[in-house]
1. Using a Förster distance of 25 angstrom, determine the FRET efficiency expected from the C-beta separation of Arg76 and Glu170, and round it to 0.05.
2. With a 1.4 Å probe and every protein chain left in place, work out the accessible area per residue of segment 36-122 in Å², rounded to a whole number.
3. Lys and Arg at +1, Asp and Glu at -1: add these up for the other residues within a Cβ distance under 13 Å of Gln40 and post the number.
4. Assign one of three labels to segment 1-44, namely rounded, prolate or oblate, based on the Cα gyration tensor with a ≥ b ≥ c the square roots of its eigenvalues; rounded applies when a/c is under 1.5, prolate when it is not and a/b is larger than b/c, and oblate otherwise.
5. Sorted by mean Cβ packing within 10 Å, highest first, what order do the peptides 134-140, 38-44 take?
6. From the mean inverse distance of alpha carbon pairs (Kirkwood) and the Cα radius of gyration, derive Rg over Rh for segment 91-171.
7. Of the heavy-atom accessible surface of the chain (probe 1.4 angstrom), what whole percent is carbon and sulfur?
8. Run the paramagnetic zone check for Trp134: 7 angstrom along Cα to Cβ, then residues of segment 86-107 with backbone nitrogen under 13 Å.
Amino acid sequence: MNRENPAVLAKEAIARALAGAPSDTLPWETSLEGLFISLQDAEGRVRASYGTSRAERGSGELLARLARQAASADPRFPPLEAEELAELSLKVWVLFEGRPFASLEALGPDDALRVERPPFSGVFLPENYMGEAWDPLSCLKQACRRAGLAAAAFQEEGVSVRVFSTRCFEA
């Protein structure tokens, strides 16, 4: 196993949590602005997902906390059972270099978007995109919908859009 892959570390942390072990900080350090963990079944359907676009802790501590929360706190799904874990794939999305949205031309297919108009906000990861071919306007509209806003909300006063470079790790 690659112990430098945060997805491998997160899956091990989930296994320990499901076995009743106490939480720990994982041996992974990187500079980041956000982190998302997604667990999927063999057909690619999301089984659990959890994350933040505001990293308020060190990367190892944040990875450990979000791994445990993905396994137990996603309100859309029941908590994971230990016997499920071996059948699930895990992705860790690391968000870097956040910047304000400037133009459609500046968006790339590997960018994540955070759309916010308090009290609503949502993060749209590259894997969330639905469409035949990647299109920056469609991506931005889908990100607005993910935040619970109208598709064209990015044009409205009081709505902020932040763009993040990403890297995805898998286990």
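The values are calculated or read from the model by the stated rules, or taken from the named source; none is laboratory data. Because the structure is predicted, anything quoted here is derived from the model rather than measured. Reconstructed Cβ throughout: ideal geometry from the backbone, glycine too, with neighbour counts over all protein chains shown. The accessibility values were calculated without ligands, DNA or RNA, using every heavy atom of the protein model including side chains. Shrake-Rupley method; radii C 1.70, N 1.55, O 1.52, S 1.80 Å.
1. Working: r = 21 Å, r/R0 = 0.86.
Efficiency computed from Cβ-Cβ geometry: 0.70.
2. 50 Å²
3. With Lys, Arg at +1 and Asp, Glu at -1, the neighbours total -3.
4. Since a/c reaches 1.5 but b/c is at least a/b, the shape of segment 1-44 is classed as oblate.
5. 134-140, 38-44
6. 0.95
7. Ligands and nucleic acids excluded, carbon and sulfur reach 50 percent.
8. Residues 105-107 fall inside that zone.
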